[in-house]
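Data block below; observations after.
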């Protein structure tokens, strides 16, 4: 397709369109030469907005199913500038605790990564930090201590770090460790974090993937049990 110096359709195309419309009127040719590039630009922008919003729409659909299943509330923020859809979240109460499913990002540009989380509010965490992972990440700057629960099977399956080792072990009751091992056997590979008043399970990716959404939702009872263990230990 011949294009001009600006990359827009050449005058020859505009002349051809005007000719097909049965006119060689210079005014019409000039009008077509103005409107055609504008129409192409608007179409391109519209397609870009639609494509960019597809994962967000899929996320909302998957979270709507999750919300209905768990009897929680789907929260959909208004589009940014009236165009760009914003990612939905799910909030409500589960087993007497405030819970939330949400997406967040880390990094910027090409290093940006999306994460999805199932979060439970802890009433009296009292400063406990707990980091439990299947695949630990080396972090020389971390002040957290490596912790062993004393259960060989569990310690071989997970890497546990905390700022309060005794409290972390107490929060991971035998029942919680059993549920975590069962999840590991099902292929669950995300991480658990307790920080101040939040306990959450996190996986890389977004809720646009239906299988991931179901898997993260299935971990909510385990996150609640871990939150219970933290609260009970704080009361002792």
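For segment 133-155: of the residues being surrounded by 12 or more Cβ atoms within 10 Å (Cβ to Cβ) and under 25 Å from residue 214 (Cα atoms), which is modelled with the lowest pLDDT?
Across segment 133-155, the extreme among qualifying residues is 136.
Provide a single number: the residues in segment 123-132 that are touching a helix residue (DSSP H, G or I) at 6+ places or on another chain (Cβ under 7 Å) and modelled with pLDDT of 90 or more.
1
Enumerate the helices (runs of 4 or more DSSP H) found wholly within segment 144-236, keeping only those where 3 or more residues are under 28 Å from the mean Cα position of the chain (by Cα).
In segment 144-236, 174-185, 210-218, 220-235 are the helices (runs of 4 or more DSSP H) which contain 3 or more residues that are under 28 Å from the mean Cα position of the chain (by Cα).
Among 120, 65, 99, which is the only one that is at pLDDT 95 or above and closer than 19 Å to residue 209 by Cα?
Sole residue among the options that is at pLDDT 95 or above and closer than 19 Å to residue 209 by Cα: 65.
The values are calculated or read from the model by the stated rules, or taken from the named source; none is laboratory data. Please read these numbers as outputs of a predicted model, since none were measured by experiment. For neighbour counting, all protein chains shown are included, and Cβ atoms are generated from backbone atoms with ideal geometry for every residue, glycine included.
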